[in-house]
There are 2 protein chains.
Amino acid sequence: MSLFTDLLTLQYLPFILLTLIISLFSIGFALYLVVKIKKLPEGTKRMQEIANYIREGSRAYLYRQFKTIIIIGAIITVALAIGLDYNLYWRFGQFSMIFGSFIIGTACSLFVGYIAMDTATYANVRVTNKVKEEGLSSALKVAFNGGMVMGLMVVGLSLLSITLLILVISVFVETDYFLIEGSIVALGFGASFAALFALLGGGIYTKAADIGADLVGKIEAGIPEDDPRNPGVIADNVGDNVGDLAGRGADLFESLTGQLIATIVLAIIIFQLAPAPYKIYALLVPFVSLSLGLLASILGQFFVRGKDTDEPWNILVKGMYATTGISAIFFVIICLTMFEGVAAWLFFAAAILGIVAALLIGIVTLYYTDERYRPVKSISNAAEGGPATTTIAGLSVGFESVGIPILIMVSALIGSYFLGYTAGEFWSAITPEDGAIFGSAIGALGLFSVCGMVLSLDGYGPIVDNAGGIAEMAQLEDNVRKETDRLDSCGNTTKAFTKGYAIATVALAAILLFEAYEQVVTYEKPGLLFTLSDPLLLSGLFIGALVVFVFTAFALRSVGESAQDIIKEIRRQFHEIPGLKEGKKDARPDYARCVDIATLSALKHMIIPGTLVIVTPLIVGFGIGPTAVAGLLIGSIITGIALALFLNTGGGALDNAKKLRKKIRNTSDPESMYAYNATIQGDLVGDPMKDTAGPSINVVLTLILTIALQFAVIFVILH
Amino acid sequence: MSLFTDLLTLQYLPFILLTLIISLFSIGFALYLVVKIKKLPEGTKRMQEIANYIREGSRAYLYRQFKTIIIIGAIITVALAIGLDYNLYWRFGQFSMIFGSFIIGTACSLFVGYIAMDTATYANVRVTNKVKEEGLSSALKVAFNGGMVMGLMVVGLSLLSITLLILVISVFVETDYFLIEGSIVALGFGASFAALFALLGGGIYTKAADIGADLVGKIEAGIPEDDPRNPGVIADNVGDNVGDLAGRGADLFESLTGQLIATIVLAIIIFQLAPAPYKIYALLVPFVSLSLGLLASILGQFFVRGKDTDEPWNILVKGMYATTGISAIFFVIICLTMFEGVAAWLFFAAAILGIVAALLIGIVTLYYTDERYRPVKSISNAAEGGPATTTIAGLSVGFESVGIPILIMVSALIGSYFLGYTAGEFWSAITPEDGAIFGSAIGALGLFSVCGMVLSLDGYGPIVDNAGGIAEMAQLEDNVRKETDRLDSCGNTTKAFTKGYAIATVALAAILLFEAYEQVVTYEKPGLLFTLSDPLLLSGLFIGALVVFVFTAFALRSVGESAQDIIKEIRRQFHEIPGLKEGKKDARPDYARCVDIATLSALKHMIIPGTLVIVTPLIVGFGIGPTAVAGLLIGSIITGIALALFLNTGGGALDNAKKLRKKIRNTSDPESMYAYNATIQGDLVGDPMKDTAGPSINVVLTLILTIALQFAVIFVILH
């Protein structure tokens, strides 16, 4: 195929250059923000000391985690080398390209996570100090900028790495379609692989530390959250960074990359018979729309401003609305430039459908996790019956929250599919059936275009969470703590919103990746149909459900077991260090030991569930064949999306029910305190649901799908 | 089709007569057992009084529930009459047949539940008395006989009603295939409809009462389980009857009927082109194999005998093994009589595969819920961290327990499919593809053939549970209570075993019903394929997951809300009735008010989730069409089976972790008591999972499938 050489002609080069320039600019802008943040003053000596503890703990964890991931990666590489030998298409030089891409993907994914986390460990203490020195609105801007570093790095690096990879292979190696497809899929595979372990390890760490610190601190010793006497308090704050930033950065990098890859593969196959400019435009659409969306996010961040008395969420949401508006305008330009007549407007409508669906799902998730509405209130009411009724109510809210988001997704899916189908009827370049698939890809691109801004909001949360922790540990004045609390409570809102968005993203990306898998398989074996009457497909569907459920089991169990280790250590310290509980001056807890125990336990526990996810599609594919894999993919998507919504929203609602009870509790009324304590237990159940198992399922889906895509051709050859 | 008139010729009549005789005999034997049980002595006056309370409460609940179900049934009937008007096939007389069948199904389902429950309310006190007078082994026999009434009634009535329906329509009305198919499906629809409400209402009742009584009694007032001072104690025992017997009896009736219907519909369509004896033999196989299986269960019960010192489970399991062996022998005869040569042996192998799969799944479920193995121990260990870590461990066990049973099911599915495929290659009567589907049907029949015995074991549990409660409330001697505890603890084992079996049953029945749906739809619209690339099908899959998750949400929430009502009432009574807590002689709790509140609350809460399940397939079918319905069916089967395993096994493991902690607790050690109390909370979370939401999902699946099958033709005509 000469497709990729065409990219280098004068007609198309500007689009490639646009992508490269915007992605480089956004990485540069992110680095500028890092420098700007580092220059801000850090506050009192005590604050610096605490921030240092957190930074060192986070780095120490990350280095060890990287080491573990590299070892597992090496094992996989060797296993792949043996496995890939089956495929007679590829020669040794091509092998190297594929493995190189796998390594690049792994490296980028880990690097983004590292930058996001490291920036946050500088930003957190500076946010606290800004609140202390200047007030809420300028502190909010610092926290948002810290989060934006993650957003810009994720999108910029994803675009840059894939564009460069395609260019380098086309120019210096060869333009064989299989090699390029194989290489970019390998990049996505590497990214997903690293992200799964980063997210899982980080997720286990953060929740084990959180549960350990809370259980012994709040409930047994009766001291407040983030109290410096608690030996687990630094581990808890480290956890926010390694879980919510390092893990999440890697996660978002891989899901964005996965979606980009799916769109490219689909565009190449769908438009292979289309006339000259369109077959290349189709390939360029994902690059251009994500680049312009990134530009929209950078422009949108200028709208994030407000007064100290404004609600933080109202300040932040301005940036979101601005980005959405600018992005929509860019989409008009893209569609009118790259497609023809009515089809252009129909594809534009599909993109808008994607954006609207994402916003709606975010809002529904907010409804289910906001203390002002029925779901969280129902949990808080159930707390009068104790921990069990609280938990039942929380699980019930989680199960219920699956409903409306799925209805929205289904509507967007059917809608963009039919818009694309109609576009295909009007436009001779593609058939209606292919137009339909491309329509759903454009819908997903619409959703992805605003991701720069959403990721920035996502990065904001853990920074202000840490900022509040530092204010508490450094024993700053009450009014500082009150303002950091306001910032933090908005962090829960952004978290709920962006989690809803993330699931919608993964759902659409997963369906695209499945369609790419289907296209690749039927390209190799024309006439193969994936029908429900095929028992191999049915079996695959069941196995898909199995993977998601068993993975969830391991994720939850890991948190429970790691928490046990930390609980024992904290209890030991309270017991053995004289005067610690009473808060005597010279009684210092051994923070580092808690950090160490959490690190080792998390790393140990991430291996089995991670391996399960990697090995299952390979066993099914090599053992049973491509049809069973198709079932496995859809089975895991359906159960995975439903279960992720359940875990995330149920856990979030339990968390906010605790926050609500904390507000309305009456410390002198035993019944009120009984209910409050019940919600603490409920929150502890929700913690591993929403911060370990739930988010990891996102990566599980993309990882299974990229593995299937990577090996699709081999599965077909073998069966 | 003259298929049904052929049934009445001399060649086939013996098989029909065999079915009628065995089913009538088993109903007669069940009634004989009832009379035999009623003749046994009831024990002391106090015991009789308590048993009367329970019986009256159970009957009062059931009458009100029947009234509610009849009202909803009438509304559905009217709605159906309007909906069915679309279908131009059917005339008014045919309408009446279909509605008549719907009503017969509803009535049979409720009747079986009633008989099962009523017998149990006589058997429970007599079991207690037998323990007191004679010892464990003869008491066990009484309890087993009580359970056997349910088993025999369910299978006998299911066979009898369908056989008679087919005969009556063939002889007196007409032998139109659509009418007979429509009528037997309507019978299944009616049975599933009634069962869903019976199981849901009963499930909400039993767990709300259990949680209410436990929370206020054990935890707040600090009095033991089943203590007569607890105002909720009668409601709790009533709950065991209305949930575990009335609900379960109806449930099992509908799932057996659903499977019988699926096999009949499949046999008719698959063998329509087969030569003369075989097309009728195929139709007869389900009747004959279930009849002979029923006979095997009646013969098997003679093996249930042992000494007072034997483990109860070891006594009961002899009956299970005997039934399995006899059933296997019967299957050899059936296969050799009805099929030819190698095909006969291959179908026999498929049947054996089904039986083995059922036994294995039962054993795996036992592993996950038995205190001697790792899962329950891990929950018990986690209890040291409090209620939250206990619950997390329990949820984790639940998620994990999905794995192996699904692998076993998938193996049985693929295995029986390929055995059938090979049979089709050897045998000219059918094509390999049709043979494959028939193979999986035979595999399911193998599994179903032992159901008479399994249902008897299932009915044993709540009877001995009640017997223990009566011993406690009547304040009998410690050694009596110890023996009833042994019987009860074996009840938990039988419950775990039969629940695993029930899910395997439902999974296979559901897949058969789906295949029947597919056959009916493609018979009407040849060439229609259900492929994964169809967005309507994908949307249907997502909606299937939605139904199951949202249903679970409502089921859990209903228990929580009803429990709140009961908790308030029990607290009020402890507060307002002087001397109640202290156990003064003249301070009598108002049991009836608790029973009343639980009844009203359960009935109120069962309406929304029940309606959701009935309405969704109709909306999807009428609104989007038969392809989306196919997705809906498979989506709900996949997520439903996984979720039911999670809920049942997770809940069961949490329950047994509490029992384990109770055994090893040290009442003078606060840490040990803290852990024990944590497992009580964990058990309370598990209660609605395993006894309300989990079992109801079984019925949800069959109900959605029978509705889809009932309206399949109309969905096709409309789209």
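Quick one: angle between helix A:670-688 and the longest Cα principal axis of chain A, in degrees between 0 and 90, rounded to 10, please.
Tilt relative to chain A: about 30 degrees.
Which of the peptides B:63-71, A:672-680 is most tightly packed, and how do the rest follow, judged by the mean count of other Cβ atoms within 10 Å per residue? Please report the intermediate quantities before stating the final value.
Numbers: B:63-71: 16.9, A:672-680: 21.0.
Order by mean packing, descending: A:672-680, B:63-71.
Using only protein heavy atoms and a 1.4 Å probe, report how much of A:Arg588 is accessible, in Å² to the nearest 10.
A:Arg588 has an accessible surface of roughly 130 Å² with all protein chains in place.
Can you list the residues of the range A:388-407 whose accessible area drops by at least 10 Å² going from the chain on its own to the full set of protein chains, with a 1.4 Å probe?
By number: A:Ala388, A:Thr389, A:Thr391, A:Ile392, A:Leu395, A:Ser396, A:Phe399, A:Glu400, A:Val402, A:Gly403, A:Ile406, A:Leu407.
Total Å² of accessible surface buried at the B-A contact, 1.4 Å probe, nearest 100?
Numbers: alone 24710 and 24710 Å², together 43190 Å².
Looking at B and A, the buried total is near 6200 Å².
Would you mind working out the accessible area per residue for the range A:389-543, using a 1.4 Å probe, and quoting it in Å²? Mind dumping the intermediate values first?
Details: 3720 Å² over 155 residues.
Accessible area per residue: 24 Å².
Points 7 angstrom from Cα along the Cβ direction at B:Thr667 and A:Asn666: gap in nanometres?
Simple spin-label model gives 3.5 nm for this pair.
Report, in degrees rounded to the nearest 10, the 0 to 90 angle that the Cα long axis of helix A:694-718 makes with the longest principal axis of chain A.
30
Per DSSP helix of 4 or more residues, -39500 (n - 2.57); summed, then divided by the residues of chain B. What does that give at 222 nm, rounded to the nearest 500? Mind showing how you got there, number by number?
On the way: 22 runs with 590 residues, N = 719.
Calculated from helices alone, the mean residue ellipticity at 222 nm is -29500 deg cm²/dmol.
Under the definition of partner shielding as Cβ atoms of other protein chains within 10 Å of a residue Cβ, what is the mean value for peptide B:559-565? Intermediate results must be reported in sequence, preceding the final value.
Numbers: counts 3, 14, 7, 0, 5, 6, 0.
Partner Cβ neighbours, averaged per residue: 5.
In nm to one decimal, list the spacings between the B:Ile329 label point and its equivalents in the other copies, with label points set 7 Å along Cα to Cβ, shortest first.
8.6
May I ask for the net charge around B:His605, where only other residues with Cβ less than 9 Å from the Cβ of B:His605 are counted and Lys, Arg are +1 while Asp, Glu are -1? Working shown, then result.
Values: positive: B:Arg557, B:Lys604; negative: B:Glu561.
Once positives and negatives cancel, what remains is +1.
Among the lysines, which have Cα under 29 Å from the Cα of A:Lys584 when same-chain residues fewer than 8 positions away are ignored?
Straight-line reach from A:Lys584, under 29 Å: A:Lys45, A:Lys132, A:Lys207, A:Lys218, A:Lys482, A:Lys568, A:Lys662.
Taking all protein chains in place and a 1.4 Å probe, what share, in percent, of the accessible surface of the protein assembly as shown do carbon and sulfur account for?
On the way: 27450 of 43190 Å².
C and S fraction of accessible area: 64 percent.
Compute the helix-to-body angle for B:13-39: its Cα long axis versus the longest principal axis of chain B, expressed 0 to 90° and rounded to tens.
10
If we hang a label 7 Å off Cα along the beta carbon direction at A:Arg64, how far is it from the matching labels on the other copies, in nm, shortest first?
Shortest to longest, the spacings are 5.9 nm.
Put a point 7 Å out from Cα along the line to Cβ at A:Lys307; what are the distances to that point in the other copies, in nm, shortest first?
Computed spacing set for this position: 8.9 nm.
Using a 7 Å offset from the Cα along the Cα-to-Cβ direction at both A:Leu718 and B:Arg305, what is the distance between the two label points in nm, to one decimal?
5.6
Can you give me the Cα centroid spacing of the range B:638-673 and the range A:428-465 in angstrom?
43
Pop out the ³J(HN,Hα) list for the range A:502-508 in order, Karplus 6.51 cos²θ - 1.76 cosθ + 1.60 with θ = phi - 60°, rounded to Hz; leave Gly and Pro as x.
With coefficients 6.51, -1.76 and 1.60, one gets 4, 5, 4, 4, 5, 4, 5 Hz.
Net charge near A:Leu196, counting Lys/Arg +1 and Asp/Glu -1 over other residues with Cβ under 9 Å of its Cβ?
Working: positive: none; negative: A:Asp251, A:Glu254.
Within the 9 Å Cβ shell, the charges total -2.
Using only the Cα atoms of the protein assembly as shown, what are the Rg and Dmax in Å?
Looking at the protein assembly as shown, its Cα Rg and Dmax stand at 32.1, 101 Å.
Using a probe radius of 1.4 Å on heavy atoms only, what accessible surface per residue do you get for the range A:560-700? Whole Å² is fine.
On the way: 4820 Å² over 141 residues.
Dividing the accessible area of the range A:560-700 by its residue count gives 34 Å².
With respect to the axis carrying A onto B, what is the closest chain A residue by Cβ position, and how many angstrom separate it from the axis?
A:Pro387, 2
For B:Asp586, what accessible surface area do you get with a 1.4 Å probe? Give it in Å², rounded to 10.
130
Counting heavy atoms of the protein chains only and a 1.4 Å probe, report the per residue accessible area for the range A:221-332 as a whole number of Å². Please report the intermediate quantities before stating the final value.
Numbers: 2850 Å² over 112 residues.
That works out to 25 Å² per residue.
The values are calculated or read from the model by the stated rules, or taken from the named source; none is laboratory data. Keep in mind that what you see is a predicted model, and the values were worked out from it rather than measured. Methodologically, a virtual Cβ is constructed for each residue, glycine included, from the backbone with ideal geometry; neighbour enumeration extends over all protein chains shown. Side chains are part of the model used for accessible areas, which takes the heavy atoms of the whole protein and leaves out ligands, DNA and RNA. Shrake-Rupley method; radii C 1.70, N 1.55, O 1.52, S 1.80 Å.
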